[in-house]
Amino acid sequence: MIGARPLWLLAAALWAFGLARDAGDHWVAATVLPPLAVETSVEVLDRDGKLLRAYTVADGRWRMAVPPEGVDPRFIDMLLAYEDKRFRTHSGVDPWALLRAGVQAVASGRVVSGGSTLTMQVARLLEESGTGRLSGKLRQIRVALALERQLGKAEILQLYLHIAPYGGNLEGVRAASLAYFGKEPRRLTPAQSALLVALPQAPEGRRPDRHVGAATAARGQVLTRAVGAGIIAPEQAEAALREAVPALRRAFPALAPHLADRVLAQDREARQHRLTIDAGLQRRMETLAAEAVAAQGDRLQVAIVVADHRSGEVLASVGSAGYEGGARQGFVDMTRAVRSPGSVLKPLVYGLAFDEGLAHPETLIDDRPSDFGGYAPQNFDKQFRGSLRVREALQLSLNIPVVALTEALGPARLLVALRQAGVSAQVPGGQPGLAISLGGLGVTLEDMVQLYAALARGGVALPLRVSGSRAGEAGRVLSEVAAWQLGDILAGMPPPSGAPANRLAYKTGTSYGHRDAWAIGFDGAHVIGVWMGRADGTPVPGAFGADLAAPVLFQAFGRLKRQLAPLPPPPAATLIVSTAALPQPLQRFRSRQAVFEAADAPAVAFPPDGAEVELMPEGILLRVRGGVGPFTWLADGEPVAVGLRGRDTVVPISAPGFVVFSVIDGAGRSARVQVRLR
């Protein structure tokens, strides 16, 4: 601590310095200044400039950039009235303040005020020097005078606003305002301004989260000075004194943490990143994500992406239900994790088939036991629906019809369409097979949202973006007619239980082994994708996209807007007719294998292949369609009915288990099924 006599001598020396201006000029001009570039926290902002997330500077301190105009003017007025009322006019040192400090010290026998200007305080903070020695005080005077020659008053004030200490690892008024009040400093109350003026004088001793009494008393002193300076009225000061001092530090904003980490990794030089994210919507989606997994065990995870498909702007991106470790592995960004899409890829197959003239929404297609060159897919429920419309096959998410369409298109055509949509699909072994239409490849949630955005945009792909200006179109994936037809089919899907009945076009999917549950949907303006599963890829028993992810999708749309935007009307070229009115080739789809089969070849109509059949007391019903009589039936290679002219028969089998039934027609052609009897 500097004694009374040294302060008096310091004031006298400064007075003499004014008489020796030439010597003083040389002394100041020769000053070696500390670095004036102050590192501030990297900030990630939303579309309106609101803070999404900030990062500490290299030494772990919160130091947020803010210009003087970004702070409430009343705070600046209080600061200058309390710390340095002649700041606007002095040249870095206030002789009268030093003289006053010396007189006060002599009169009281102790230091009452240090006489430091804001510029001197900036000098001390830049060099992190103390004030307890006369040499240190002289150094601050010299640096302050040099600073005033090199910088303007606004620049010096901004330095103070950045580096003034506020306790702990808080530096600068903006970091303190966010930590203590949870708000930007541009609209501080008189009580808040007074507290932030008082704290830098004793940042640890007056920390409100540790020393509420000391912080309250110091705030009162600033308010008293503010009344005396005419900055606030006495009644405003009285109201401010009744305002509670914050007793806890608030966490800094950390919205869209995965996305923030990503943009930071892409450009580590920028101090500010402006994203397309909507902070309010992002917060609502993060809350929804936490609610969605709260009662689902400690390993289930969720990811959500919301985009405006008209512009490609991502409005919310939730990488996990919580940015933390533990069993959920919340640090993993599941919007970018490569997973199996299950059935959410099926609409693209149907859309391509529409464009290739292979099918129409009203085309009849068979859902029956089929073998595609040794690949015999089953429906999820192991049942078969026979002939039905393509529209219904997609809405029911049947596997056999979509595989038949994929075979007709060729798996490579599906991969080309994915690339046109900007989807980076990973194919096991590098060679696509028919199983890719059922989810036999790897994609990300962002990939699938981008694909569905193309469907919603009339078949035109536009890359999703989180920052920057609109990118160029990636190209057309589907015709406008095919895209509309898909939207019309998907909008006819029944909503989940308890969800509003609306025209949301959506599709669900469940990957093999219940590892991934998906739901992606769109209206006339927005597209939302939801993925649920475990970050480590292990199965989630009983998880289905329709039961798990679809309700979250509908809730997400509910938190995005009150009412869905209508889907577009059908393009002029759209053929909207019944099955019977379609051109003959479109009335019924015939798979590639059907082209090589005789039109009247026999087929087992009942029981269907792979089915479980309950035995009747008299045996089991067998039925054949196609072919010509007489018919011979075999069970596991043994004849059980010979020379039948009719197409139905009941054979006396009573033992449960797996059985292979074969039928041979009069022309020697055969068909077979394997079923389980119970």
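Of all beta bridges that DSSP places with both ends in the stretch 598-677, some 90 percent have antiparallel geometry. Volume per residue of the convex hull around the Cα atoms, evaluated for the stretch 279-363, comes out as 153 Å³. Considering the dipole of the chain built from charges on the beta carbon (Lys and Arg +1, Asp and Glu -1) around the Cα centre, which of 495, 387, 62 is farthest to its positive end? Going by the Cα projections, it comes out as 62. Size descriptors for the stretch 428-491 (Cα atoms only): Rg and Dmax, in that order, 13.8, 39 Å. Cα-based values for the stretch 598-677, radius of gyration first and Dmax second, are 11.7, 36 Å. Once you order the gyration tensor axes a ≥ b ≥ c over the Cα atoms, which shape class does the stretch 440-547 get: rounded for a/c under 1.5, otherwise prolate or oblate by comparing a/b with b/c? Cα axes put the stretch 440-547 in the oblate bin. Relative to one another, the C-alpha centroids of the stretch 515-583 and the stretch 443-505 are positioned 9 Å apart. The relative contact order of the stretch 168-272, computed from alpha carbon pairs under 8 Å that lie at least 6 residues apart in sequence, is 29 percent.
Specify which residue in the list 159, 218, 517 is farthest towards the positive end of the charge dipole of the chain, using unit charges on the beta carbon of Lys, Arg (+1) and Asp, Glu (-1), about the Cα centre. The Cα lying farthest towards the positive end belongs to 218. Take the stretch 301-413, compute every pairwise Cα distance, and split them into 10 Å bins from 0; I just need the percent in each bin. It works out to 12, 32, 24, 23, 9, 0, in whole percents. Counting only DSSP H runs of at least 4 residues, each contributing -39500 (n - 2.57), and dividing by the residue count of the chain, the helix-based mean residue ellipticity at 222 nm comes to -10500 deg cm²/dmol. Principal-axis analysis of the Cα atoms of the chain puts helix 153-163 at an angle of about 60° to the longest axis. The distance linking the stretch 616-646 with the stretch 236-277 is 76 Å (Cα centroid to Cα centroid, whole angstrom). In this rough spin-label picture, where each label sits 7 Å from Cα along the Cβ direction, the residue 244-residue 380 distance is 5.0 nm.
In sequence order, the stretch 188-201 has phi-based couplings of 7, 6, x, 5, 5, 4, 4, 5, 6, 6, 6, 4, x, 5 Hz under the Karplus curve 6.51 cos²θ - 1.76 cosθ + 1.60, θ = phi - 60°, and Gly or Pro positions carry x.
Each of 527, 585, 477 was placed along the dipole of the stretch 458-589 (beta-carbon charges, centred on the mean Cα), and the one lying farthest toward the positive end is 527. Charging the Cβ of each Asp and Glu at -1 and of each Lys and Arg at +1, and nothing else, the dipole of the chain about its Cα centre rounds to 1940 debye.
Only Cα pairs under 8 Å and 6+ residues apart enter the sum, and on that basis the relative contact order of the stretch 598-677 stands at 38 percent. Measuring max minus min along each principal axis, the C-alpha atoms of the stretch 517-661 give extents of 67, 46, 28 Å (largest first). Can you list the residues of the stretch 418-435 with backbone N under 17 Å from a point 7 Å past the Cα of residue 266, pointing along Cα to Cβ? So the set is 422-424. Our summary gives the chain a relative contact order of 10 percent, counting only alpha carbon pairs under 8 angstrom and 6 or more residues apart. One decimal place: the segment residue 660-residue 647 gains 2.9 nm when fully extended, by the rule 0.36 nm per residue minus the C-alpha distance.
The angle between the Cα long axis of helix 279-293 and the main principal axis of the chain comes to about 50°, on a 0 to 90 degree scale. Residues whose amide H comes within less than 5 Å of that of residue 516, counting only those at least five positions distant or on another chain, are 511 (H built at 1.01 Å from N in the peptide plane).
Compactness ratio for the chain: Cα radius of gyration over 2.2 N^0.38 Å (N = residue count) comes to 1.43. Measuring r between the beta carbons of residue 621 and residue 338 and using R0 = 45 Å, the FRET efficiency lands at 0.45. In this structure, residue 469 and residue 26 have a Cβ-Cβ separation that, at R0 = 56 Å, corresponds to a calculated FRET efficiency of about 0.55. Sequence-ordered 3J(HN,Hα) estimates for the stretch 574-589 from the Karplus curve with 6.51, -1.76 and 1.60 and θ = phi - 60° stand at 5, 8, 10, 9, 7, 4, 5, 8, 6, x, 3, x, 9, 5, 9, 7 Hz, glycine and proline given as x. For the chain, the longest principal axis of the C-alpha atoms and the axis of helix 550-560 are separated by about 40°. Each residue of the stretch 179-185 is assigned a 3J(HN,Hα), and the resulting list reads 6, 8, 10, x, 8, 6, x Hz, derived from the Karplus form 6.51 cos²θ - 1.76 cosθ + 1.60 (θ = phi - 60°), x at Gly and Pro.
We did not get these values from a lab; they are worked out from the coordinates using the rules stated. A quick note: this is a predicted structure, and the numbers were derived from the prediction, not measured. Cβ atoms come from the backbone with ideal geometry, glycine included; neighbour counts cover every protein chain shown.
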